[in-house]
Amino acid sequence: PFVLFDRYFEDVKVNHVILDNYTGSYNMTKHLVSKGYKKIAFVTIKSNMNQMADRQNAYKKALQDAGLAPDEKRILELPFLPVIHEDYDQLKNFILAQPDLDAVFFGTNYIGVLGLEVIADCGITVPNDLAVVSFDDHDLFRLARPPISVVAQPIEQLATEAINLLLSIIENKQAPIRQISIPAKLIIRASE
């Protein structure tokens, strides 16, 4: 018996517990649009992982639904781990090359942390010059001034669901396959 956690394969029907990355990203992008932001960048990682694709696709769809055409020049895909000096330079060049940006949505918390460093080093103030939000919370986001708004993953709930699902299929090997999707939570702070 096994349960996939935080990942799934679209073509393989197996037990899994995941976060609803799509809706979380969609709702955060929609939130930014509702606050009047129109030139929203999305910074993510190059990855074939479905959760990363869901986040980026939801960002694009939310812009489309708001009547804003997604602009590929406003999407930056950094290499997947580790964050190195070249990533800093690439992100800095991306932000400085687009002075008309009014918001940036970081697709992961560790890219968001790098983004805060770049933004501070560029002398850009949050949220006066640029609104900043991130997918995944991080202690630094809560402690930053201003605190950063995030799409939070309910880690304890995800873990509890995965453990309970695994225990149930250990007890009943004939149990039907369950694919559980947990909603993400927007935590709105002061960064947008």
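The values are calculated or read from the model by the stated rules, or taken from the named source; none is laboratory data. Note that the coordinates shown come from a computational prediction; the quantities given were computed from them, not determined experimentally. Backbone-built Cβ (ideal geometry, glycine too); neighbour counts: all protein chains shown. We work out accessible area using only protein heavy atoms, side chains counted, and drop any ligands, DNA or RNA first. Shrake-Rupley method; radii C 1.70, N 1.55, O 1.52, S 1.80 Å.
Taking the range 103-192 as the region of interest, the helices (runs of 4 or more DSSP H) fully inside it that hold 2 or more residues being within 26 Å of LEU68 (Cβ to Cβ) are 109-121. For ARG7, the conditions (1) open to solvent by 40 Å² or more (accessible area, probe 1.4 Å); (2) at pLDDT 95 or above; (3) within 26 Å of ALA162 (Cα to Cα) are fulfilled apart from (2). The criterion of being within 21 Å of VAL132 (Cβ to Cβ), open to solvent by less than 20 Å² (accessible area, probe 1.4 Å) and in contact with a Leu (Cβ under 7 Å, 6 or more places away or on another chain) holds for ALA41.
Within the range 135-159, residues that are among the β-branched types (Val, Ile, Thr) have Cβ atoms under 7 Å from residues that are open to solvent by 40 Å² or more (accessible area, probe 1.4 Å) in these pairs: ILE148/ARG189; VAL150/ASP137; VAL150/ILE187; VAL151/LEU186, counting only partners at least 6 apart in sequence or on another chain.
Looking at the structure I just gave you, is ALA66 among the aliphatic types (A, V, I, L, M), modelled with pLDDT of 95 or more, surrounded by fewer than 17 Cβ atoms within 10 Å (Cβ to Cβ) and in contact with a helix residue (DSSP H, G or I) (Cβ under 7 Å, 6 or more places away or on another chain)? It is true that ALA66 is among the aliphatic types (A, V, I, L, M), modelled with pLDDT of 95 or more, surrounded by fewer than 17 Cβ atoms within 10 Å (Cβ to Cβ) and in contact with a helix residue (DSSP H, G or I) (Cβ under 7 Å, 6 or more places away or on another chain). Within the range 167-182, if we keep just the residues that are in contact with a Leu (Cβ under 8 Å, 6 or more places away or on another chain) and open to solvent by less than 90 Å² (accessible area, probe 1.4 Å), the residue that is farthest from TYR26 (Cα to Cα) turns out to be ILE180. Beta carbons closer than 6 Å, at least 6 apart along the sequence or on distinct chains, pair a first residue in the range 163-183 that is under 18 Å from ILE18 (Cβ atoms) with a second that is loosely packed, with under 13 Cβ neighbours inside 10 Å for ILE177/LYS13.
Taking (1) surrounded by 13 or more Cβ atoms within 10 Å (Cβ to Cβ); (2) under 13 Å from LEU116 (Cβ atoms) in turn, LEU143 satisfies each apart from (1).
Quick check on the range 109-126: of everything there that is open to solvent by 10 Å² or more (accessible area, probe 1.4 Å) and under 22 Å from LYS60 (Cα atoms), which residue is farthest from the chain's Cα centre (by Cα)?
Residue satisfying both the conditions and the ranking: TYR110.
In the range 90-100, the count of residues that are in contact (Cβ under 8 Å) with a residue 40 or more places away in the chain, assigned to a strand (DSSP E or B), more than 15 Å from VAL151 (Cβ to Cβ) and open to solvent by less than 20 Å² (accessible area, probe 1.4 Å) is zero.
Residues checked against (1) among the aromatic types (Phe, Trp, Tyr); (2) at pLDDT 95 or above:
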| residue | (1), (2) |
| --- | --- |
| ILE84 | no, no |
| ALA103 | no, yes |
| PHE106 | yes, yes |
| VAL118 | no, yes |
| VAL150 | no, yes |
| ALA184 | no, yes |
| ILE188 | no, yes |
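Against the conditions (1) assigned to a helix (DSSP H, G or I); (2) closer than 19 Å to ALA162 by Cα, PRO1 satisfies every one except (1).
For the range 21-36, state whether one or more residues are surrounded by fewer than 20 Cβ atoms within 10 Å (Cβ to Cβ) and over 18 Å from VAL132 (Cα atoms). Yes, because at least one residue in the range 21-36 is surrounded by fewer than 20 Cβ atoms within 10 Å (Cβ to Cβ) and over 18 Å from VAL132 (Cα atoms).
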